[in-house]
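Working notes, structure below.
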Amino acid sequence: MAIVLSGKELSEQLTQEQKQRVASLVKEGIHPGLAVILVGEDAASQIYVRNKGLACETIGIHSVTIRLDEGISQEDLEGKIQELNEDPKISGILVQLPLPKHLDEEAALSCILPQKDVDGFHIMNAGKLFTGQKAVTPCTPKGVMYMLKQAEIDLVGKEAVIIGRSNIVGKPAAMLLLNEHCTVTILHSRTKNLAEHTRRADVLIAAIGKAKFVTADMVKPGAVVVDVGINRVNGKVVGDVDYEEVEKVAGYITPVPGGVGKMTISMLMENTIEAACAQAR
Ligand code: GUN
């Protein structure tokens, strides 16, 4: 049976540390603030945005959620971002993705000041990560790396296989694993003989958004299996990994819920605190 990597426990520890850090920063006159922009009524996004606000409240970070109409124009969205760029109470800005189809996501993200880009999605931060410079790192892959580090999993020279090539998870995760000296493979919807690749993985990261996509026969015995998926099936949240079967084969596994999802929020809090400190300097 695999060792369970609990994001819930780790994130609870981080919450305690962050609470104390924010309290002492506030004493120094530094008050971290996060603005979350939600455009439209996407059900999953509403839940994520609410959880981000609740996390801020717990830790003592000032937070505002800006709900914008589904039909907002690009210009008005960018105007709102500009306002937040200039607001000294706001150290971090997050535009919840996906945006409605008529909006240009890349252009909107590029409007965020790179030092307020707590998601690490601005082209400047993405470019820095790509070239190995210090950058704001996207929250989900940052959380994955934190979990692997806390479990003292040796990554040097290991085969890391990522399923999914998104800008939010797959691509930045590849860069972070490369920085830790893994040999990295990214698989995607056009990959041929996918299971041949996954079976080579010492570290397997599933970030595709397909319920129970990764089955036991796709996993090398003893592998570290990280499940980034959040899928709703008959009202129940399940990951991209068939947990019940894969836990019998894997060496380590992250559960859903209570795994990577919790870490994503913790890392967002971390990025927001760091942004506030950097701006105060
Ligand atoms: N949509 C899904 N994941 C994320 C995330 O980490 N950040 C933002 N802004 N939107 C998302």
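The values are calculated or read from the model by the stated rules, or taken from the named source; none is laboratory data. Predicted model, so just to flag it, every value in this text is computed and none were measured. Cβ: placed from backbone, ideal geometry, glycine included. Neighbour counts: every protein chain shown. Quick note on the areas: whole protein, heavy atoms, side chains included, nothing else; ligands and nucleic acids left out. Shrake-Rupley method; radii C 1.70, N 1.55, O 1.52, S 1.80 Å.
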Practice item. Could you tell me what fraction of 2.2 N^0.38 Å the Cα radius of gyration of segment 11-132 comes to, as a two-decimal ratio? Key: 1.10
Practice item. Express the carbon and sulfur contribution to the solvent-accessible surface of segment 143-281 as a percent, rounded to the nearest whole number, probe 1.4 angstrom. Key: 51 percent
Check your understanding: Across every pair of different alpha-carbon atoms, what Kirkwood hydrodynamic radius in Å does segment 79-123 reach?
Key -> 10.8 Å
Check your understanding: For helix 260-280, what angle does its Cα long axis make with the longest principal axis of the chain, in degrees from 0 to 90 and rounded to 10?
Key -> 40 degrees
Exercise for review: Using only the alpha carbons, work out the radius of gyration and Dmax of the chain in angstrom.
Suggested key: 18.7, 57
Practice item. Mind checking the per residue accessible area of segment 48-178 for me, 1.4 Å probe, whole number of Å²? Key: 49 Å²
Exercise for review: Could you let me know the centre-to-centre spacing of segment 193-257 and segment 102-179, using Cα atoms, in angstrom?
Suggested key: 20 Å
Point to revise | Debye log10 I(q)/I(0) for segment 165-222, one point scatterer per Cα, at q = 0.23 Å⁻¹ | key: -1.05
Practice item. Could you state the angle between the C-alpha long axis of helix 7-27 and the longest principal axis of the C-alpha atoms of the chain, as a value from 0 to 90 degrees rounded to the nearest 10? Key: 20 degrees
Exercise for review: Could you grab the relative contact order for segment 218-259? Cα pairs under 8 Å, six or more apart, rounded to a whole percent.
Suggested key: 50 percent
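Pick out, in residue order, every one of the trypsin sites (Lys or Arg not before Pro) in segment 44-153 that is DSSP loop and has at most 16 other C-beta atoms within 10 Å; say none if there are none.
Numbers: sites: ARG50, LYS52, ARG67, LYS80, LYS89, LYS101, LYS116, LYS128, LYS134, LYS142, LYS149; in loops: LYS89, LYS101, LYS134.
When the trypsin sites (Lys or Arg not before Pro) of segment 44-153 are filtered for loop state and at most 16 Cβ neighbours within 10 Å, LYS89, LYS101, LYS134 remain.
Once you charge only the Cβ atoms, +1 for Lys and Arg and -1 for Asp and Glu, what is the size of the charge dipole of the chain about its Cα centre, to the nearest 20 debye? Intermediate results must be reported in sequence, preceding the final value.
Details: 30 positive and 35 negative charges, 104 e Å.
The dipole magnitude comes to about 500 debye.
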Review point. So, in nm, how far is label ASP154 from label MET1 when the simple model puts each one 7 Å beyond its Cα toward the Cβ?
Key: 2.7 nm
Check your understanding: So how tilted is helix 43-59 from the main axis of the chain? Cα-based, degrees 0 to 90, rounded to 10.
Key -> 70 degrees
